[in-house]
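Worksheet for the structure shown next.
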Amino acid sequence: MSELKIAIQKSGRLSDNSHRLLEECGIKFSNGTSVLKTRAANFPVEILFLRDDDIPQYVEQQVADIGILGENMVLEKNKNVAVLEQLGFAQCRLSLAIRKEESYPGLQYFNNKRVATSYPRLLSDYFTENNIKAEIEEISGSVEIAPGIGLADAVCDIVSSGSTLMTNGLREVTTILRSEAVIIGNKKLSEEKKAILDRLLFRIRAVKNARENKYILLNAPEASIQEICRILPGMKSPTILPLAEKGWCSLHSVVKEDEFWERIDQLKSAGAEGILVIPIEKMIK
Ligand code: ATP
Ligand code: MG
């Protein structure tokens, strides 16, 4: 029996979310605090716990068949692997930051400066494209302290809220790349492995759809139903059931998480009452 080998980050910012995603896909396994790999009890996969930096190479060499990691790392490593699916977590950006007291005339600031980063390939491509000649200091962690200890004039690092930069007296001046977690795969999987991967991707999409949508129930006067259906198109069209009270209906539909507040206001002005919004566990389109 064939098994799909999935590499996830052993410990770090991706590990909890990677673990949770697989669990929500119905794949049960113990976590990797002390082991390097483990088998799932109820799905033909083996989970390998690795450093995120190593995952692209291992997937290229088929030590692992697929891997979950930040797109930033996939692009930096530039290995021969396929990006199979965006996962919607670990959203962040790769940005250039300078000491906060320095004035910033534009990208030319970086000419003849020393910039510390863990992303030498992406940064050097960016500088080349923009005709900037800077010196790149490759360091593997705690990049944000480099200017403070005199190692560099500026940094190119992963940012989400920007608070780490601020704490270290730095300010973000430009973004090079936006990133989120993705699944990458080896390009030459056997037919059996591809079949397991398809089942897994099907489940992952159902989990992603569920996260991106909410189930909504509301009551409304019959006269408002047409207007409400226009606001809430749903998966196909909303379900409408009569209420015991004459002239009233209950309407059920699906609404996108990111459109949700805007729709609620529209629904209220259209006459909707008793609105319930419920998380969806899985959603298969
Ligand atoms: P490892 O020990 O596995 O090499 P690491 O220290 O290099 O881990 P982490 O800091 O855990 O890496 O980050 C892993 C990935 O998580 C990054 O490559 C990026 O895609 C994403 N990430 C990093 N920082 C943030 C953040 N502040 N917010 C959201 N996502 C982030
Ligand atoms: Mg790493």
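The values are calculated or read from the model by the stated rules, or taken from the named source; none is laboratory data. Everything numeric in this text was worked out from a predicted model, so none of it was measured. Don't worry about glycine lacking a Cβ; one is built from the backbone with ideal geometry, like all the others, and counts go over all protein chains shown.
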Consider Glu46 carefully, then state whether it is acidic (Asp, Glu) and away from ligand 1 (no atom under 15 Å from the Cβ). yes
Residues that are of a type outside the set (D, E, K, R), more than 21 Å from the chain's Cα centre (by Cα) and either surrounded by 14 or more Cβ atoms within 10 Å (Cβ to Cβ) or within 16 Å of ligand 2 (Cβ to nearest atom) (or both), drawn from region 37-54: Thr38, Ala40, Phe43, Pro44, Val45
Does region 146-187 hold any residues that are within 16 Å of ligand 1 (Cβ to nearest atom) and outside any strand (DSSP E or B), and which are they? Ala146, Ser160, Ser161, Gly162, Ser163, Thr164, Leu165, Met166, Thr167, Asn168, Glu180
If we keep just the residues of region 1-44 that are out of contact with any Leu (no Cβ under 9 Å at 6 or more places or on another chain) and not in a loop (DSSP other than H, G, I, E, B), which is nearest to Lys188 (Cα to Cα)? Arg39
It is to be established whether one or more residues within region 64-78 are part of a helix (DSSP H, G or I), more than 10 Å from ligand 1 (Cβ to nearest atom) and modelled with pLDDT of 95 or more. yes
Within region 45-52, is there a residue that is of a type in the set (Asp, Glu) and under 18 Å from Leu189 (Cβ atoms)? yes
Answer yes or no as to whether Ser30 is away from ligand 2 (no atom under 16 Å from the Cβ), at pLDDT below 95 and either under 18 Å from Leu197 (Cα atoms) or buried (at least 20 other Cβ atoms within 10 Å of the Cβ) (or both). no
Checking the structure you have, find out if any residue of region 188-199 is outside any helix (DSSP H, G or I) and crowded, with 16+ Cβ neighbours inside 10 Å. yes
Looking only at region 233-263, filter to residues that are among the β-branched types (Val, Ile, Thr) and within 25 Å of Ala206 (Cβ to Cβ); which one of those is surrounded by the fewest Cβ atoms within 10 Å (Cβ to Cβ)? Thr239
Kindly list, by first and then second residue, each pair from a residue in region 130-155 that is within 18 Å of Leu107 (Cα to Cα) to a residue that is in a loop (DSSP other than H, G, I, E, B) and among the charged types (D, E, K, R), limited to pairs with Cβ atoms under 6 Å and residues at least 6 apart or on different chains. Ala134/Lys113; Asp153/Lys113; Ala154/Lys113
Condition (residue is touching a helix residue (DSSP H, G or I) at 6+ places or on another chain (Cβ under 8 Å), of a type in the set (S, T, N, Q), within 16 Å of ligand 1 (Cβ to nearest atom) and over 30 Å from Leu200 (Cα atoms)) applied to region 118-126: is it met by at least one residue? yes
